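Just below is one structure, and these are the notes that go with it.
The values are calculated or read from the model by the stated rules, or taken from the named source; none is laboratory data. Note that the structure is predicted; figures quoted are calculated from it, not measured. Here the Cβ positions follow ideal geometry from the backbone for every residue, glycine too, while neighbour counts run over all protein chains shown. Keep in mind that these areas ignore ligands, DNA and RNA; they rest on the heavy atoms of the full protein, side chains included. Shrake-Rupley method; radii C 1.70, N 1.55, O 1.52, S 1.80 Å.
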Amino acid sequence: MYICQNHIVYPTDSDINDNPEIVNHDSYLLYIDRHLVHEVTSPQAFSGLRLSKRKVRRPDLTFATMDHNVPTTNRSLPLVDETSSIQMNTLDENCKEFGITLFDLNHPNQGIVHVIGPELGITLPGTTIVCGDSHTSTHGAFGAFAFGIGTSEVEHVLATQCLWLSKPKTMAVNFNGTLKNNFAISSKDMILYLIRNIGIGGGIRIGIGIGIGIDIAIGIGITIGIRIAIGIGIGIGIAIGTGIAIAIGITIGIA
């Protein structure tokens, strides 16, 4: 939780010294380095900013893309689904109004939000990253403290660049051994084995430190971050790698 501790806005050590009762505080205000936004969970958040007459606190640290409703065929054709069209047009309007970088439907950098983050260097080791999407723990494979949030929290981060976070418990999980065949064990096998042992609710509000002591590709570490979010709950992932052989992840599952 070292990254998290370095991003605590409140309570700080001085706050605790001034008021010792804060030591037992069960949550803290966390500064967010990167806020990723897409068209599905953001419309109500931007509406909330307008109602409260607020601006986006750090538009330079907020990055938006269209990815959930993007057609996989000819993008030059009109969108058939009306809801998808409205959501993407609304994101375009919101980003223009609030000065946010948008990788829209025709932008060369447009892509899945959790793919373009690492590709474009938005995702960096040691940073805190949030997005209104449960797969945000994917960024944990690159050494970030990353987790999915809800729409009301999206609004909170847009307005303040901070977020309240409950203090999690911690759990260590280690995968060790030697692979005789690099294709014999996949990330799916590893996560299913973990879920089998701790149950589908075993990661609820728990920081799970995953140490992988076997030679794997970085792609497996990335996939583990995604699968933890799906199999155990909404995840907070941290992964710190040595080269591409070892990945260490921390995930918090929130039901």
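A compact table of results
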{"item": "Conditions (1) modelled with pLDDT of 90 or more; (2) more than 20 Å from His114 (Cα to Cα): number failed by Lys169", "result": "(1)"}
{"item": "Residue ID - modelled with the lowest pLDDT, chosen from residues in the stretch 28-55 that are open to solvent by 10 Å² or more (accessible area, probe 1.4 Å) and within 19 Å of the chain's Cα centre (by Cα)", "result": "Tyr28"}
{"item": "Strands (runs of 3 or more DSSP E) (entirely within the stretch 58-177) containing at least 1 residues that are open to solvent by less than 10 Å² (accessible area, probe 1.4 Å) and among the polar types (S, T, N, Q)", "result": "62-65, 128-131"}
{"item": "Every pair of residues 6+ apart whose Cβ atoms lie under 6 Å, when the first sits in the stretch 78-89 and is among the aliphatic types (A, V, I, L, M) while the second is open to solvent by less than 60 Å² (accessible area, probe 1.4 Å)", "result": "Leu79/Ser85; Met88/Glu39; Met88/Met66; Met88/Asn69"}
{"item": "Qualifying residue in the stretch 56-69 (condition: aromatic (Phe, Trp, Tyr), touching a residue at least 60 places away in the same chain (Cβ under 8 Å) and at negative phi)", "result": "no"}
{"item": "Subset of the stretch 178-207 that is touching a Lys or Arg at 6+ places or on another chain (Cβ under 8 Å) and buried (at least 17 other Cβ atoms within 10 Å of the Cβ) - its residue that is modelled with the lowest pLDDT", "result": "Gly207"}
